[in-house]
1. For the chain, what % of the accessible area comes from carbon and sulfur atoms, probe 1.4 Å?
2. Only four residue types carry charge here, +1 at the Cβ of Lys and Arg and -1 at the Cβ of Asp and Glu. Report the dipole size of region 1-96 about the Cα centre in Debye, rounded to the nearest 20.
3. Which percent, nearest 5, of DSSP beta bridges in the chain are antiparallel?
4. Leaving out ligands and nucleic acids, and using a 1.4 Å probe, what accessible area per residue does region 1-98 come to in Å²?
5. For a quick check of understanding: with a 1.4 angstrom probe and all protein chains in place, what accessible area in square angstrom does Val92 have, to the nearest ten?
6. Defining a contact as two alpha carbons under 8 Å apart and six or more residues distant in sequence, what relative contact order in percent does the chain show?
7. Let me see the pair-distance distribution of region 29-120: every alpha carbon pair, 5 Å bin width, integer percents in order.
8. Could you bin all the Cα-Cα distances of region 7-83 into 10 Å bins starting at 0 and give me the percent of pairs in each, rounded to whole numbers?
Amino acid sequence: QVQLVESGGGLVQAGGSLRLSCAASGRVLSVNAMGWYRQAPGKQRELVAALNSGGRINYAESVKGRFTISRDNAKNTVYLQMNSLKPEDTAVYYCNLDLYAVPTGYVGVWGQGTLVTVSS
């Protein structure tokens, strides 16, 4: 019964910034890993950034130095700060959480997606 709610997408000019958030609701006991993915029109979904419970982070090369993933453990929330946005960042962004919940145990859960559009 865990659900992820995403927010923060929108229209922004190139060079601008957005912050995406993804909050888990339900009986979540722990979040082990978090990730942000994106899917552009006609493209395959790709990993943008990932954060594990130990703080290890991986970024796609295309966003390295511009995007930052972070978490708020108390809120079971993951964020993606996106700076210096480029038109090629335009996509639907999805969060994914690997978590432990009651009564399911370990599950992977996807958010509904939030659209980021970067204009020239």
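The values are calculated or read from the model by the stated rules, or taken from the named source; none is laboratory data. Owing to the predicted nature of the structure, the values given are computational and were not obtained by experimental measurement. When we count neighbours, we look across all protein chains shown, and the Cβ atoms used for this are built from the backbone with ideal geometry, even at glycine. To get the accessible areas, we keep the full protein, side chains included, count just its heavy atoms, and leave off ligands, DNA and RNA. Shrake-Rupley method; radii C 1.70, N 1.55, O 1.52, S 1.80 Å.
1. Values: 3060 of 6380 Å².
Carbon and sulfur: 48 percent of the exposed surface of the chain.
2. Working: 11 positive and 6 negative charges, 27 e Å.
Dipole size: approximately 140 debye.
3. On the way: 45 of 49 bridges.
Beta bridges within the chain, antiparallel portion: roughly 90 percent.
4. Working: 5160 Å² over 98 residues.
Accessible surface, normalised per residue, equals 53 Å².
5. So the heavy atoms of Val92 present about 40 Å² to solvent.
6. Working: 303 pairs, mean separation 43.6, N = 120.
Reported as a whole number, the value is 36 percent.
7. That works out to 3, 13, 24, 24, 17, 10, 5, 2, 0, 0, in percent per bin.
8. All Cα pairs, binned at 10 Å, distribute as 17, 49, 28, 5 percent.
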